[in-house]
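The values are calculated or read from the model by the stated rules, or taken from the named source; none is laboratory data. Because the structure is a prediction, the values reported are computed rather than measured. All Cβ positions, glycine included, derive from the backbone under ideal geometry; neighbour counts span all protein chains shown. Calculation scope for accessible area: heavy atoms of the full protein, side chains included, ligands and nucleic acids excluded. Shrake-Rupley method; radii C 1.70, N 1.55, O 1.52, S 1.80 Å.
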Amino acid sequence: QGRLLVGHGLSNDLKAMMLDHPRKDTRDTARYLPFMHSPAPGRKHKPRALRVLASEILGLDIQVWWCGSVPGVCG
């Protein structure tokens with residue numbers, strides 16, 4: 001109580017852990033309008049993937065999958 005919870009896609013994480021947190025005390029980057037994607041004018045904004053936000057805003061590659069010696073090639 002009285003703590004801010006910050007994350008990306010918090011509702012999914014909280015539901016999976018069967019936890020509750022006051023909405024007024026959460027900051028979810030998936031629901032932060034400047035970080036959301038609008039597919040077309042007048043259409044509803046949609047959350048962007050954390051890996052996309054990290055790449056575009058921080059210049060970091062996260063959630064990169066490696067199989068063997070070649071990145072992204074799994075067979």
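If you roll a 1.4 angstrom probe over the protein chains with everything in place, what fraction of the accessible area of the range 1-40 belongs to carbon and sulfur, to the nearest %?
55
Between residue 31 and residue 43, with labels modelled 7 Å along Cα→Cβ, what's the label distance in nm to one decimal, could you check?
Result for the modelled spin labels: 2.3 nm.
Which one, (1) 1.40; (2) 1.91; (3) 1.23, gives Cα Rg over 2.2 N^0.38 Å as derived from the coordinates shown?
Computed from these coordinates, Cα Rg over 2.2 N^0.38 Å corresponds to label (1).
How much area per residue is accessible in the chain when the probe is 1.4 Å and only protein heavy atoms are counted (Å²)?
Here the per-residue accessible area is 86 Å².
Counting only residues 5 or more places away or on other chains, whose amide H sits under 5 Å from the amide H of residue 26 once H atoms are built in the peptide plane?
Here 5 satisfy the definition.
Per DSSP H run of at least 4 residues, take -39500 (n - 2.57); add these up for the chain, divide by its residues and hand me the 222 nm value, nearest 500 deg cm²/dmol.
My calculation for the chain gives -3000 deg cm²/dmol from helical runs alone.
Taking the full set of protein chains and a 1.4 angstrom probe, give the accessible area of residue 20 in square angstrom, rounded to the nearest 10.
140
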